[in-house]
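Engineer: The structure's right below; bear with me while I get my questions together.
Where a number appears in this text, it was derived from the coordinates with a stated rule and is not lab data. Because the structure is a prediction, the values reported are computed rather than measured. Counting neighbours? That spans all protein chains shown, and the Cβs are built from the backbone with ideal geometry, glycine included.
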Amino acid sequence: MKRLIALISALIFCIVPLSVDAVSDSAKASVVINGENGEIIYSKNADARLSMASTTKIMTGLLLCEYGNFDKEITVSADMLRVEGSSMGLLPGDRVTLHDLLYGLMLASGNDAANVIATVMGGSVEGFVKLMNNRARAMGLQNTSFATPSGLDAETHYTTAYELAIIAMHAMENEAFAKAVSTKKATLNYGNPPYRRTLTNHNKLLDMMNGAVGIKTGFTKKSGRCLVSAVEGDGKLVITVTLNDPNDWQDHIALAKHGLSLIKQVQFTPENKEYKIPVINGESNYLNVELNSFFVNTVDTSGIEFQVNLPEFLYAHIKKGEEIGSVVYSRNGAVLGEKKITAAKDICEAEIKTDFWQKLFNKVNLIIDNI
């Protein structure tokens, strides 16, 4: 169990945020957040409950990445395909892996893929929708409600620009998800029997903007054009959401550039840099941990505090690069993020040395056992 070891005071280098009024957009609702910690950089009507079309599939894909076995192969039934709209081209009897369903879901925006995933992972579409809503509650979201895994319109299917951005931030922390949504084209194998085919990502922003790394488009007559994007630049990440936006591509380019310009890289230097952690049964009795200065991407530095969390002791064997603790940073009690602390070297297990009396005791026991 980890314990709190120290509270770090920070040396903050001057940062002056720019005005957030420098851009505008055509959306009914929009938001730009810092993809590292969720800070709101820009918003317009961001807490309004609106339908979100196929950007719904961000949650569907996240749950698949978190709990699905990508190698699992499914034989598609006709019941799984009772859904209208966009498709990755599945037919009854097709064999397809969960891995390929992820790419059919996020690149081709396949409603058929969403229904198959839901049926396999939730037992039914309704069962999977419960999982989606439970995951939203676990994220602390109060204005998001899912009724379908695909994003087809329903009275109880809605979110807000801000909460959709938070879902996207969590999703982009998943390596498999982030890889899928940044892929422009994917060659997959599915069918009856499976055969090779190529799917192209509907997200044109991947080609339109340097640094774009995802994530999802959406459209219905009710929701209008919806877009969630993630853009990297200079080690920073912004997530932009627009709901019901007729000019979404150009709006996202402008909003992402604006957001990246406002995030500053701030250096923090711990007052206490060195710790000694006892190592049990190691060839060394202690692991020396040295904390160097580190950087945080943030817009607002006010009220930021840092805490070092390290274990009271460690057991050998310890591998170099192994995560042993973290520096957690927060503002007003709300955790913004963390930096991992890793072991700087290997510490192998110590050789067990048996003394004379222990050897004698072992021999006596052996003799007794053989009588």
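Engineer: Give the cross-link partners of Lys320 among the aspartates and glutamates, using a straight C-alpha distance below 19 Å as the criterion and excluding same-chain residues fewer than 8 apart.
Structural biologist: Reachable aspartates and glutamates: Glu274, Glu283, Glu290, Glu312, Asp346, Glu349.
Engineer: Work out, step by step, the length gained on full extension between Asp346 and Asn272: first 0.36 nm times the residue separation, then minus their alpha carbon distance; give nm to one decimal.
Structural biologist: Contour length minus the Cα-Cα distance gives 24.3 nm.
Engineer: For Ile117, Ile341, what ranking results if the residue with the fewest other Cβ atoms within 10 Å of its Cβ goes first?
Structural biologist: Ile341, Ile117
Engineer: So for the pair Arg49, Thr200, with labels modelled 7 Å out along Cα→Cβ, what separation do we get in nm?
Structural biologist: For the pair Arg49/Thr200, the computed spacing is 3.9 nm.
Engineer: Report the Stokes-Einstein translational diffusion coefficient (µm² s⁻¹, integer) for the range 216-258, Rh taken as the Kirkwood radius over Cα pairs, at 4 °C with viscosity 1.567 mPa s. All intermediate terms of the calculation are to be shown ahead of the outcome.
Structural biologist: Working: Rh = 10.7 Å.
Estimated via Stokes-Einstein, D reaches 121 µm²/s.
Engineer: If the label point is 7 Å along Cα→Cβ of Ala78, which residues in the range 91-113 have backbone nitrogen under 13 Å from it?
Structural biologist: Residues 92-93 fall inside that zone.
Engineer: Next question, about the same structure. So which residue, out of Asn292, Asn111, Asn247, gets the largest mean-square fluctuation from a GNM of the chain using Cα contacts under 10 Å as springs?
Structural biologist: Comparing Asn292, Asn111, Asn247 in the GNM, the peak value goes to Asn292.
Engineer: I've got another one for you. Taking the Cβ of each residue in Phe268, Phe295 as the centre, tally the other Cβ atoms inside 10 Å and list the residues starting with the fewest.
Structural biologist: Exposure proxy ranking, most exposed first: Phe295, Phe268.
Engineer: Using the Cα centre of the chain as the reference point, and only Cβ charges (+1 on K/R, -1 on D/E), how large is the resulting charge dipole? Debye, rounded to the nearest 20.
Structural biologist: Result for the chain is approximately 380 debye, rounded to the nearest 20.
Engineer: With equal scatterers on the alpha carbons only and no solvent term, can you work out the Debye log10 of I(q)/I(0) for the range 235-331 at 0.12, 0.13, 0.25 1/Å?
Structural biologist: Once normalised to I(0) and log-transformed, intensities are -0.61, -0.67, -1.28.
Engineer: Could you please tell me the mean projected area of the C-alpha convex hull for the range 17-122, averaged over all directions and given in square nanometres to one decimal?
Structural biologist: On the way: hull surface 34.9 nm².
For the range 17-122, the mean projected area of the Cα convex hull comes to 8.7 nm².
Engineer: Can I ask one more? Do any of Lys28/Lys339; Lys28/Lys57; Lys72/Lys319; Lys276/Lys339; Lys185/Lys257 go past 28 Å between their Cα atoms, and which?
Structural biologist: Distance filter (> 28 Å) returns Lys28/Lys339; Lys72/Lys319.
Engineer: Can you compute 3J(HN,Hα) from phi for each residue in the range 224-230, using the Karplus curve 6.51 cos²θ - 1.76 cosθ + 1.60 with θ = phi - 60°, rounded to whole Hz and x for Gly and Pro?
Structural biologist: Computed from phi, the couplings for the range 224-230 are x, 7, 10, 8, 10, 10, 10 Hz.
Engineer: Let me check the size of the range 99-238 from its C-alpha atoms; what are the radius of gyration and Dmax in Å?
Structural biologist: 15.4, 46
Engineer: Mind checking Rg over Rh on the range 102-166, alpha carbons, Kirkwood formula for Rh?
Structural biologist: 0.96
Engineer: Relative contact order of the chain: what whole-number percent is it, with Cα pairs under 8 angstrom and at least 6 residues apart?
Structural biologist: Averaging sequence separation for qualifying contacts and normalising by length gives 21 percent for the chain.
Engineer: So for the pair Gln250, Glu66, with labels modelled 7 Å out along Cα→Cβ, what separation do we get in nm?
Structural biologist: With each label point 7 Å from Cα toward Cβ, the separation is 3.8 nm.
Engineer: Using only alpha carbon positions, build the gyration tensor of the chain, then give the equivalent ellipsoid semi-axes as the square roots of 5 times its eigenvalues, largest first, whole angstrom.
Structural biologist: Those come to 45, 32, 17 Å.
Engineer: How many nm is it between the label spots at Glu173 and Glu126, if each spot is 7 Å from the Cα in line with the beta carbon?
Structural biologist: 3.3 nm
Engineer: Oh, and also: In what order do Cys348, Cys65, Cys226 fall by count of nearby beta-carbon atoms within 10 Å, going from fewest to most?
Structural biologist: So the ranking, lowest neighbour count to highest, is Cys348, Cys65, Cys226.
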